[in-house]
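Presented below is the structure to which this report refers.
FYI, it's all coordinate maths here, none of it is from the lab. No experiment lies behind these values; they were computed from the predicted model shown. Here Cβ is always computed from backbone atoms with ideal geometry, including for glycine, and neighbour counts include all displayed protein chains.
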Amino acid sequence: MNENKLKPNYEIRRRPESNLQNYYTILLETGLIIALLILTALVRIELTASEAEVITMDEQEAVEMEEIVQTRQIEQPPPPPRPPVPVAVPDDYIIDDVDIMIDAELDLGGTLSMPPPPPQREEEKEEEDDFFVLVEQMPELIGGLQALQREVRYPERALRANIEGRVIVQFIVNERGEVENPQVIRGIGGGCDEEAIRVVKQAKFKPGMQRGRPVRVQYNLPVIFRIRN
């Protein structure tokens, strides 16, 4: 294996001009110059095609938009009715003459008789509300509500049905403090509504006052029905 080792080249030492490494730079520069010359020559050569290709574009069909005019339907009036067909009258038909008696005499001195006037209708007078709802001094129940409750007699039907509650009676207190036209606006039934009206009719009030004088006033009064064991 020692014989196969590389031995120094003594001939290169004796003849240095035979060493190619001394010409490496010159050879490299020469190669680059030659490559640039070839590249410059290729660039200046004009390459032309044998036949120029002509590209043709197909023309598109032009689409024209036409404006559609909306037509209006004209309503024509209906034709006039046909005239009646005349009926032929026979020649032997005789039309009777009608005598019209006109009295041309006019008595200017006499009195003209005029027809009687129509009967006058009697206009129904609507009754206006002649009472107040709110006045300066409202009516006062004489004796108070407790005295009125002591006059209540519990109906037997309400006792058997175990009916209890409050009955609201609406009425008019006139100028003399009397009760007029009592009506139940909220009842409980069982005979209690009728008993509440009976008791309210017996009530006496001090009349309501408006501007120093007694007036008619609308009034609401509760009547309580309660079973006591």
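Figures for the structure shown
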item: Additional length obtainable on full extension of the chain from TYR23 to GLU178, 0.36 nm per residue less Cα span; result: 40.5 nm
item: Cα gyration tensor category, rounded, prolate or oblate, for the range 140-225 with a/c compared to 1.5; result: prolate
item: Per-pair calculated FRET efficiency, R0 = 25 Å: LEU134 and ARG226 via Cβ, rounded to 0.05; result: 0.25
item: Gyration tensor verdict on the range 178-229 (Cα atoms; rounded if a/c is under 1.5, prolate if a/b is larger than b/c, oblate otherwise); result: prolate
item: Added length on full extension, which subtracts the Cα-Cα distance from 0.36 nm per residue, VAL43 to LYS201; result: 43.4 nm
item: Loop sites in the range 168-229: GluC sites (Glu not before Pro), DSSP, at most 16 other Cβ within 10 Å; result: GLU175, GLU178
item: Distance between the range 128-148 and the range 164-229 - C-alpha centres, whole angstrom; result: 9 Å
item: Zone of ALA147's modelled label, taken as backbone nitrogen in the range 170-205 under 20 Å from a point 7 Å along Cα→Cβ; result: 171-180, 196-205
item: Label zone at GLN170 (point 7 Å along Cα-to-Cβ), backbone N below 13 Å, the range 191-229; result: 218-221
